[in-house]
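To keep things clear, I will list the structure first and then write my remarks on it.
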Amino acid sequence: MPVRNSVREFSRPRRLVLASAVLLALGSGALADAAPALPSPRHGLNILLVGVDSRAGLTADELRRYRAGGKGCDCTDVIMLVHVSAANDRVSVVSLPRDSLTSLPYPHVDQRYGTTHAPHPVKVNAAHSEGGPAFTIETVERMTGTPVHRYLSIDFRRFVDAVDRVHGGVPICTTEPLKDPVTGLDLAPGTKRVEGGEALQYVRSRRADGKMDFGRIHKQRAFVVNTWNTIRAGLFDDPVKLWLLASTLRGTAPVERSLSVTEMVTLAARLRHLTPADTEFATLPITRFNPLIEGVGSSIGWDQEQAAEVFEALRSDRPLPAARPTSTSSIPKGLGDYRPAGGAALVCP
């Protein structure tokens, strides 16, 4: 069920307790650093952020209004490896396209059917539907050679409710009309503040600009930047609302290495002075569309040499490497090219 109005459900004493707890995390650096559990690795903190294609909890009316009908695949159509520098002065976000070809290299039980699979090729987003969060973490770590310290998954329900907790909505902007007949997205040029349902249409859209999943990835990272900018501008002044936002994002399911609510608030405290100019985003370099594989379908292949440079930078706590002067991708329109971008360029006017 929607939770956007649940602030009212808290009694005054309960809200005071919450406020005190969050203020401790948002107070001095020493208090924030002393909060339990959130690690501070020597070479920075790596968080695997995924968006799961699950409609569970959406009402029939919401499914109709947001064009979210159909059966969810329980796969991760958003995969972002988020690196927070050891000094908490830079965040690097690398998107792994959902159609990236990988392999599940040893026999495993498919959680959907209870059957045992032999090793087989898959798109990376299928690791979650076959084996859940732990399998997803393991697959990304193996593909990238990069440790994942914490994990956060967000489904449609929690995404909608979390955006609705951001007072006034989140700004999204475009220089050209965006219409997607599948998600129902219909944006005129300019900037518009959206709440949960329309935000879901925006981050799911991949048919509005002819750029397929690459265009959707760009929308997702623009949404991340503008959400953070909005939170920085207002939510830190209301610790209860910040705590409730973190609670909505986190959910209640026990998940291996998952960020806790306290850890999210602590991380926000560590990064509260981080501006969009201190963030950088990139999509992994892609060389080609792979030949069709039975049981897998259409997939894409990474530029392994250039991707290795990207992950080495994350492991070494360095900024993302610059783009190469010439394209290494055979995908039309340069969509597979690796082009790091500063977050400031994604902020809506």
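Only the coordinates and a few stated rules stand behind these numbers; no lab work does. Please read these numbers as outputs of a predicted model, since none were measured by experiment. Reconstructed Cβ throughout: ideal geometry from the backbone, glycine too, with neighbour counts over all protein chains shown.
Using only DSSP helix segments of four residues or longer, with each worth -39500 (n - 2.57), what per-residue ellipticity at 222 nm results for the chain after dividing by its residue count and rounding to 500?
On the way: 10 runs with 121 residues, N = 349.
The per-residue figure over the chain is -11000 deg cm²/dmol.
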Please tell me the relative contact order of the chain in percent, rounded to the nearest whole number, where contacts are Cα pairs under 8 Å and at least six residues apart.
-> 21 percent
Which one of 184, 262, 167 is farthest out on the positive end of the charge dipole of the range 149-281, using unit charges on Cβ (Lys, Arg +1; Asp, Glu -1) and the Cα centre as origin?
-> 262
If each part is reduced to its alpha-carbon centroid, the range 248-295 and the range 60-84 end up apart, in Å, by 15 Å
Whose amide H sits under 5 Å from the amide H of residue 284, counting only residues 5 or more places off or on another chain, with H placed in the peptide plane?
-> 95
Tell me the chymotrypsin sites (Phe, Trp or Tyr not before Pro) within the range 113-203 that lie in a loop according to DSSP and have at most 10 other beta-carbon atoms within 10 Å.
-> 113
May I ask what percent, to the nearest 5, of DSSP beta bridges between residues of the chain are antiparallel?
-> 75 percent
If every Lys and Arg gets +1 and every Asp and Glu gets -1 at its Cβ, then about the Cα centre the range 41-143 yields a dipole, in debye to the nearest 20, of 200 debye
Convert each backbone phi in the range 334-349 into a coupling constant with the Karplus relation 6.51 cos²θ - 1.76 cosθ + 1.60 (shift: θ = phi - 60°), then list the ³J(HN,Hα) values in order as whole Hz, x for Gly and Pro.
-> x, 5, x, 6, 8, 9, x, 9, x, x, 4, 6, 9, 6, 6, x
Quick one: grab the alpha carbon gyration tensor of the range 220-296, order the square roots of its eigenvalues as a ≥ b ≥ c, and give me rounded if a/c is under 1.5, else prolate or oblate depending on whether a/b is larger than b/c.
-> oblate
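What GluC sites (Glu not before Pro) does the range 264-335 have in DSSP loop regions with at most 13 other beta carbons within 10 Å?
For GluC sites (Glu not before Pro) across the range 264-335 that sit outside H, G, I, E and B with at most 13 neighbouring Cβ atoms in 10 Å, the list reads 294.
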Equivalent ellipsoid semi-axes, the chain, via Cα gyration tensor eigenvalues times 5, rooted, Å | 30, 24, 22
Close lysine pairs (the chain; alpha-carbon distance under 22 Å; 8 or more apart or on separate chains) counted at 12
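Return the FRET efficiency for the residue pair residue 318, residue 64: r is the Cβ-Cβ distance, R0 is 56 Å, and the value is rounded to the nearest 0.05.
Working: r = 47 Å, r/R0 = 0.84.
Given R0 = 56 Å and the Cβ-Cβ separation, E is 0.75.
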How would you order 67-74, 220-227 from highest to lowest mean count of nearby Cβ atoms within 10 Å?
-> 220-227, 67-74
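About its Cα centre, what dipole magnitude does the chain give when the only charges are +1 on Lys and Arg Cβ and -1 on Asp and Glu Cβ, stated in debye to the nearest 20?
Computed about the Cα centre, the dipole is about 760 debye.
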Charge dipole of the range 6-346 built from unit charges on the beta carbon (Lys, Arg +1; Asp, Glu -1), centred at mean Cα; most positive-end Cα among 340, 299, 208 is 208
Take the chain, connect every pair of alpha-carbon atoms lying under 10 Å apart with a spring to form a Gaussian network, then pick out the residue of 40, 316, 54 with the largest mean-square fluctuation.
-> 316
